[in-house]
Amino acid sequence: MGKKSRVKTQKSGTGATAVVTPKEMMNLISELLQKCSSPAPSPGKEWEEYVQIRSLVEKIRKKQKGFSVVFDGSREDFFPELMTWAAENGATCECFEISNFAEEGFGLKATRDIKAEELFLWIPRKMLLTVESAKNSSLGPLYSQDRILQAMGNVTLAFHLLCERANPSSFWLPYIKTLPSEYDTPLYFEEEEVQYLQSTQAIHDVFSQYKNTARQYAYFYKVIQTHPNASKLPLKDSFTYDDYRWAVSSVMTRQNQIPTEDGNRVTLALIPLWDMCNHTNGLITTGYNLEDDRCECVALQDYKQDEQIYIFYGTRSNAEFVIHNGFFYENNSHDRVKIKLGVSKSERLYAMKAEVLARAGIPSSSIFALHCNEPPISAQLLAFLRVFCMTEDELKEYLVGDHAIDKIFTLGNAEFPVSWDNEIKLWTFLETRAALLLKTYKTTTEDDRSLLEKPDLSFHSRVAIKLRLAEKEILEKAVASGRAKREHFQKQLEDGAPLPKYEESNISLLENSVSDSKLPIILRKLEEADEAGEQELKMNEALTEVNVAGDVLVNGDSKQINGTKTERETPCGDKSAKKTGDAKENGKETAEEEQQP
């Protein structure tokens with residue numbers, strides 16, 4: 001059975017360093033805050049800034065060594081206590097147990113046969129750590145005064161978790177003791193391991209994640225030491241960078257949205273037991289039952305006794321899994337790389353192209369994606385590229401020609417080209433663009449495959465190289481697909497093939513050939529829109545108030561809760577959700593310039 005744990009703060013013994021004066025530590029914290037609040041570095045200088053920030057963080061970590069809160073015993077020692085606590089508080093624990101699944105780490109194992117769509121797990125609200133419970137905790141007084149906590153629920157949840165971890169009588173301690181002591185997110189990578197991500201699309205988010213976490217830590221260190229409403233927090237005597245990194249990673253890999261008790265809003269939550277499930281491809285099978293006020297999960301598929309129970313985290317790319325969850329999913333059917341495209345405002349036909357795109361509900365500049373599957377582009381990207389490559393006469397046809405309004409709705413339909421010339425241009429552009437992106441990498445796919453054969457690679461290094469390789473493989477597929485499409489439409493043009501005609505009854509439908517779904521383009525959200533934009537705006541507004549530059553907790557995301565609607569169930573969850581299970585003890589931006597035609 002699990003050992004009885006006690007919360008302790010190491011301040012002496014072999015793990016602790018020499019005593020650091022409060023003034024010395026505050027000077028280092030001030031230096032870190034100033035460095036992290038500086039304007040974004042110029043292109044090519046991001047790595048230099050990262051190394052400088054990391055150097056300051058390591059100085060602080062060295063002086064804080066031995067001062068973090070720890071528990072007696074290992075993580076698995078506390079699983080029996082977690083199961084007992086869950087059962088006592090209304091959760092169901094009858095058909096599964098927590099088990100270790102080798103490379104995937106801890107997960108849920110079926111203790112009996114479970115049928116697909118069978119309700120096998122529910123967790124009542126009182127067991128959840130939420131922003132709402134944070135407001136009613138010892139953190140409440142500070143929350144009421146701090147604009148960043150108010151604007152950023154994920155930061156509030158991280159501090160709520162830290163305060164409860166430091167409280168020996170916390171109701172949530174049986175859950176908190178079973179969380180990983182560290183994670184595999186890039187916040188835990190060594191500098192040489194981050195080097196493997198150089199030239200990848202993920203590197204920009206990795207830099208931002210590290211900088212933002214350091215900035216938030218420095219800001220709140222000062223707040224905890226100086227704010228009157230923080231004087232009674234259990235963090236007053238011990239708030240280390242490692243503590244904050246742990247809390248940030250716990251929230252980032254586990255948080256999810258659930259409805260508030262009145263069902264009128266959503267709030268962020270950590271969901272015990274459910275967050276032990278590891279990821280597989282599939283559909284969202286979790287929802288929130290407002291009538292019974294509990295999170296409910298049905299089985300994704302049939303499970304035999306002793307098989308691992310999986311859930312689907314959402315349509316995340318591997319870059320998102322690595323950055324926010326700390327693992328690479330080998331068979332990710334939703335993997336993709338981002339591509340930023342825009343119509344140049346200096347282009348002669350800009351106004352006409354922007355107008356056609358606006359009528360189709362597409363911005364003149366946006367982040368799209370190249371997918372790992374065939375075709376590599378979505379209906380939205382196809383529509384954008386068609387407009388991007390239109391001649392003046394073609395643009396007029398879609399603005400003032402016969403049935404111009406109706407034609408707008410066929411832009412994303414692969415069956416109805418604008419013209420053979422237009423198709424040749426757009427696929428040539430895509431082929432060329434993907435090839436140029438491939439040239440930005442410092443290694444080839446063959447180099448990466450050779451590196452992965454080395455037995456002495458660290459886990460983090462292996463994850464980074466796998467991600468780098470996956471990005472290049474997607475781009476190589478896009479090049480091949482673009483070439484094949486270009487050659488096909490060149491032949492159509494040479495053969496004098498007639499353009500396909502559409503039926504009036506179908507013109508308002510947009511076909512996404514990746515699936516069988518058809519939706520009007522103006523009703524569809526661009527799938528590659530910047531998911532963190534709203535939170536970044538909140539953070540910037542809050543930091544303007546407190547006169548400190550800051551950012552989102554980059555970007556605390558989770559597994560996705562959704563679920564089937566019934567009269568008593570409310571689907572919930574962030575559509576941008578990402579969350580890791582417990583792979584290895586835990587579970588964007590292609591900043592390209594706007595393109596000239």
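The values are calculated or read from the model by the stated rules, or taken from the named source; none is laboratory data. Worth saying up front: this structure is predicted, and the values here are computed from it rather than measured. Glycine also receives a Cβ, built like all others from the backbone with ideal geometry; neighbour counts cover every protein chain displayed. These accessible areas exclude ligands, DNA and RNA; they are computed on the full protein's heavy atoms, side chains included. Shrake-Rupley method; radii C 1.70, N 1.55, O 1.52, S 1.80 Å.
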Has the range 139-148 got at least one residue that is more than 25 Å from the chain's Cα centre (by Cα) and among the polar types (S, T, N, Q)?
-> yes
The range 107-120 residues that are over 14 Å from V298 (Cβ atoms) and open to solvent by less than 50 Å² (accessible area, probe 1.4 Å), paired with ones that are modelled with pLDDT of 95 or more and small (G, A, S) (beta carbon under 6 Å, 6 or more apart) | K109/S99
Could you say whether any residue in the range 36-44 is open to solvent by less than 60 Å² (accessible area, probe 1.4 Å) and either at pLDDT 95 or above or touching a Phe, Trp or Tyr at 6+ places or on another chain (Cβ under 8 Å) (or both)?
-> yes
Where S238 falls short, out of the listed (1) within 25 Å of the chain's Cα centre (by Cα); (2) not in a helix (DSSP H, G or I) | (1)
Of all the residues that make up the range 184-222, how many are small (G, A, S), farther than 14 Å from R468 by Cβ and either touching a Ser or Thr at 6+ places or on another chain (Cβ under 9 Å) or open to solvent by less than 10 Å² (accessible area, probe 1.4 Å) (or both)?
-> 2
Among L233, L157, which is assigned to a loop (DSSP other than H, G, I, E, B), touching a helix residue (DSSP H, G or I) at 6+ places or on another chain (Cβ under 7 Å) and surrounded by 20 or more Cβ atoms within 10 Å (Cβ to Cβ)?
-> L233
Filtered residues of the range 55-76 (kept if modelled with pLDDT of 95 or more, touching a Phe, Trp or Tyr at 6+ places or on another chain (Cβ under 9 Å) and crowded, with 17+ Cβ neighbours inside 10 Å) | V57, I60
Write out, first by first residue and then by second, each pair whose Cβ atoms fall under 7 Å of each other, whose residues are 6+ apart or on separate chains, and whose first residue, in the range 238-258, is β-branched (V, I, T) while the second is part of a helix (DSSP H, G or I) and open to solvent by 10 Å² or more (accessible area, probe 1.4 Å).
-> T240/Q64
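Per-residue answers, yes or no, for (1) at pLDDT 95 or above; (2) in contact with a helix residue (DSSP H, G or I) (Cβ under 9 Å, 6 or more places away or on another chain); (3) open to solvent by less than 60 Å² (accessible area, probe 1.4 Å):
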{"site": "E431", "(1), (2), (3)": "yes, yes, yes"}
{"site": "A435", "(1), (2), (3)": "yes, yes, yes"}
{"site": "K442", "(1), (2), (3)": "no, no, no"}
{"site": "T445", "(1), (2), (3)": "yes, yes, yes"}
{"site": "R449", "(1), (2), (3)": "yes, yes, no"}
{"site": "S458", "(1), (2), (3)": "yes, yes, yes"}
{"site": "L467", "(1), (2), (3)": "yes, yes, yes"}
{"site": "K472", "(1), (2), (3)": "yes, yes, yes"}
Pairs where the first residue, in the range 474-501, is under 23 Å from T410 (Cα atoms) and the second is open to solvent by less than 50 Å² (accessible area, probe 1.4 Å) and of a type in the set (D, E), C-beta under 7 Å, 6+ apart | G482/E431; R486/E431; F489/E423
How many residues of the range 417-469 are over 18 Å from R336 (Cβ atoms) and outside any helix (DSSP H, G or I)? The answer is 13
Identify, please: which residue in the range 375-406 is at pLDDT below 90 and either under 18 Å from V479 (Cα atoms) or charged (D, E, K, R) (or both) and is, among those, nearest to the chain's Cα centre (by Cα)?
-> D406
Counting only strands (runs of 3 or more DSSP E) wholly inside the range 35-148, the ones holding at least 2 residues that are under 25 Å from D262 (Cα atoms) and aliphatic (A, V, I, L, M) are 119-124
Within the range 284-303, can one find any residue that is modelled with pLDDT of 95 or more, farther than 30 Å from I408 by Cβ, part of a loop (DSSP other than H, G, I, E, B) and open to solvent by less than 10 Å² (accessible area, probe 1.4 Å)?
-> yes
Residue check for L235: at pLDDT 95 or above and among the hydrophobic types (A, V, I, L, M, F, W, C) = no
